[in-house]
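Heads up, the thing below is written out as structure tokens.
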Amino acid sequence: MPITYKNIEFEAVLGDITNQPDVEAVVNAANAELAIGGGVAGAIHRAAGPELYEECKPLAPINPGEAVITKAYNLPNKYVIHCLGPVYGSDKPEDELLANCYKNALRLAEENKISSIAFPSISTGAFRYPFQKATDVSFNTILGELERFKHLQKIRFVLFSEQDLRFYEEKLGKLE
Ligand code: ADP
């Protein structure tokens, strides 16, 4: 169930980041080379098709915390915003670098007048960031940026397990 907080609609859903046709931008949990890879990046590149990597190549490599924006090709969205999360235990300070991902993704969304965006849980797969800690960073960062929004109206979190979804739903429930 979506909730509205400070005029922004938030929701958490169980699903696949490549199947969110009603949002303008999806966020990729990218690797430094902006290449295909596993997890979210693999799914996004497979669904978008090879042109996505062609656009990504000259933009790579990116550093932890950075984000870049591309078109979405065969995905049902207008844009992909690629964020490189920190590898937990090696890219430090992890919380600051993860927060930078969310800030930079939101900044690019605003610069491109994007009204709706879907985030996966960046860094919590191959990069091993503890899920609950990562969720705290994601919430605190996004809530800290709300005042800056001029275009964004809707933020969706796309989770890959029931357990992850429940955790996000609990956090969203506390906002109301
Ligand atoms: P990272 O390398 O940043 O850790 P991963 O893609 O390995 O990124 O995983 C990030 C999170 O996304 C994990 O919680 C994982 O379970 C989840 N995930 C993996 N594939 C998908 C997908 N297709 N859609 C949404 N979430 C996904």
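No lab work stands behind these numbers, since they all come straight from the coordinates. Remember, it's a predicted structure, so these values are computed and weren't measured experimentally. Cβ sites come from the backbone with ideal geometry, for glycine too, and all protein chains shown count toward neighbours.
If a residue has to be more than 8 Å from the ligand (Cβ to nearest atom) and of a type in the set (Ser, Thr, Tyr) to count, how many in segment 94-128 make the cut?
Going through segment 94-128 one residue at a time, the tally reaches 3.
Out of the residues in segment 129-163 that are within 12 Å of the ligand (Cβ to nearest atom), surrounded by 13 or more Cβ atoms within 10 Å (Cβ to Cβ) and free of Cβ contacts under 8 Å to residues at least 60 places away in the same chain, which is nearest to the chain's Cα centre (by Cα)?
Restricting to residues being within 12 Å of the ligand (Cβ to nearest atom), surrounded by 13 or more Cβ atoms within 10 Å (Cβ to Cβ) and free of Cβ contacts under 8 Å to residues at least 60 places away in the same chain, the top hit is SER138.
If GLY38 passes every condition in (1) more than 25 Å from LEU143 (Cα to Cα); (2) under 15 Å from the mean Cα position of the chain (by Cα); (3) in contact (Cβ under 8 Å) with a residue 60 or more places away in the chain but one, which one does it miss?
The number of the failed condition is (2).
Quick one: what pairs do we get from segment 54-71, first residue within 12 Å of CYS101 (Cα to Cα), second of a type in the set (S, T, N, Q) and surrounded by 14 or more Cβ atoms within 10 Å (Cβ to Cβ), C-beta under 6 Å, 6+ apart or different chains?
GLY65/ASN100; ALA67/ASN104
Give segment 74-93 a look and list any residue that's crowded, with 18+ Cβ neighbours inside 10 Å and either among the polar types (S, T, N, Q) or away from the ligand (no atom under 12 Å from the Cβ) (or both), or say none.
Of everything in segment 74-93, those that are crowded, with 18+ Cβ neighbours inside 10 Å and either among the polar types (S, T, N, Q) or away from the ligand (no atom under 12 Å from the Cβ) (or both) turn out to be ASN77, TYR79, VAL80, ILE81.
Which number in (1) surrounded by fewer than 22 Cβ atoms within 10 Å (Cβ to Cβ); (2) more than 21 Å from GLY37 (Cβ to Cβ); (3) not aromatic (Phe, Trp, Tyr) marks the one condition that LEU108 misses?
(2)
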